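Asker: This is the structure I have questions about; it appears just below.
The values are calculated or read from the model by the stated rules, or taken from the named source; none is laboratory data. Everything numeric in this text was worked out from a predicted model, so none of it was measured. Positions of Cβ are backbone-derived with ideal geometry, glycine not excepted, and every protein chain shown enters the neighbour counts.
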Amino acid sequence: MTLQVESLSIRLGKAFHRLLEFADQIPLSSSAPPNWRSGRWGALLAPFALSASDCGQVGSAASRVVSDPSLRSLLGLDNPEAIVWVEREWPDGQGGWIRPDRVVWLPPPQAMRIIDFKWRVLPAEEADYAAQLRAYQACVSPAADGLIITAEGGHWILTQEGLVHWPSAGRPAL
């Protein structure tokens, strides 16, 4: 039996994802940062075998995301009427299950968003991530917006042509 060791990048991504499962509880970047290696945050990050510096990097990234007004809106954090499912399983119609990171339903005009969290999106990964979001849409709602939110604080929007990057500055990089 060979032990597989995940790369630091994979572990950072999983840790970032884990923290954003608790997006409504992450401290804003304007507040004093917590010790990301102790208490509840340390318990959440412990499985990823990160250094103190890496934990700080992941915590800062998660805090940056929840502190950005446009990303807060996408995540449904400031809308008390938003219904949010985190890591909920949905039947895929073929006997299997899918598990989007976050699904946000907003009451009329009834917007729905399927959100996936990634540490980063490399050009070679764009097509696979677009296919992943399309599979989520097929199961949850074909009319739902497909989005990826990254550690840098930007997001990617799924279009008919594929993923379009919206950096944290708010303009698409076309």
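Asker: Determine which single condition residue 129 fails, assuming it passes every other condition in (1) modelled with pLDDT under 95; (2) within 13 Å of the chain's Cα centre (by Cα); (3) not aliphatic (A, V, I, L, M).
Answerer: The one condition residue 129 does not meet is (1).
Asker: Quick one: in region 78-87, of everything that is within 17 Å of residue 106 (Cα to Cα) and charged (D, E, K, R), which residue is nearest to the chain's Cα centre (by Cα)? Walk me through it before giving the result.
Answerer: Restricting attention to region 78-87, the residues satisfying the condition of being within 17 Å of residue 106 (Cα to Cα) are 78-86.
Next, only the ones that are charged (D, E, K, R) stay: 78, 81.
Values: 78: 17, 81: 21 Å.
Applying the filter and picking the extreme gives 78.
Asker: A further question follows. Within the bounds of region 18-30, is there any residue that is free of Cβ contacts under 8 Å to residues at least 12 places away in the same chain, acidic (Asp, Glu) and more than 15 Å from residue 152 (Cα to Cα)?
Answerer: Residues of region 18-30 that are free of Cβ contacts under 8 Å to residues at least 12 places away in the same chain, as a first pass: 25.
In the following step, the residues that additionally are acidic (Asp, Glu) were identified as none.
Scanning region 18-30 turns up no residue that is free of Cβ contacts under 8 Å to residues at least 12 places away in the same chain, acidic (Asp, Glu) and more than 15 Å from residue 152 (Cα to Cα).
Asker: Just name the residue that is surrounded by the fewest Cβ atoms within 10 Å (Cβ to Cβ) out of those in region 148-158 that are out of contact with any Asp or Glu (no Cβ under 6 Å at 6 or more places or on another chain) and either closer than 20 Å to residue 61 by Cβ or at pLDDT below 95 (or both). Don't jump to the end; show me each part of the working.
Answerer: Start the filter on region 148-158 by keeping residues that are out of contact with any Asp or Glu (no Cβ under 6 Å at 6 or more places or on another chain), which leaves 149-152, 154-158.
Restricting the remaining residues to those that are either closer than 20 Å to residue 61 by Cβ or at pLDDT below 95 (or both) gives 149-152, 154-157.
On the way: 149: 25, 150: 21, 151: 22, 152: 15, 154: 22, 155: 25, 156: 25, 157: 17.
If we take residues in region 148-158 being out of contact with any Asp or Glu (no Cβ under 6 Å at 6 or more places or on another chain) and either closer than 20 Å to residue 61 by Cβ or at pLDDT below 95 (or both), then 152 is surrounded by the fewest Cβ atoms within 10 Å (Cβ to Cβ).
Asker: I'd like the full set of residues that are over 26 Å from residue 19 (Cβ atoms) and outside any strand (DSSP E or B), limited to region 142-164.
Answerer: Within region 142-164, the first condition is being over 26 Å from residue 19 (Cβ atoms), and the residues that meet it are 142-143, 159-162.
The answer is 142, 143, 160, 161.
Asker: Out of the residues in region 120-147 that are of a type outside the set (A, V, I, L, M, F, W, C) and crowded, with 20+ Cβ neighbours inside 10 Å, which is farthest from residue 90 (Cα to Cα)? Full working, then the answer.
Answerer: Applying the first criterion (of a type outside the set (A, V, I, L, M, F, W, C)) to region 120-147 yields 120, 123, 125-126, 128-129, 132, 134, 136-137, 141-142, 145-146.
Checking the rest, the ones that are also crowded, with 20+ Cβ neighbours inside 10 Å come to 136, 146.
Working: 136: 9, 146: 15 Å.
The residue in question is 146.
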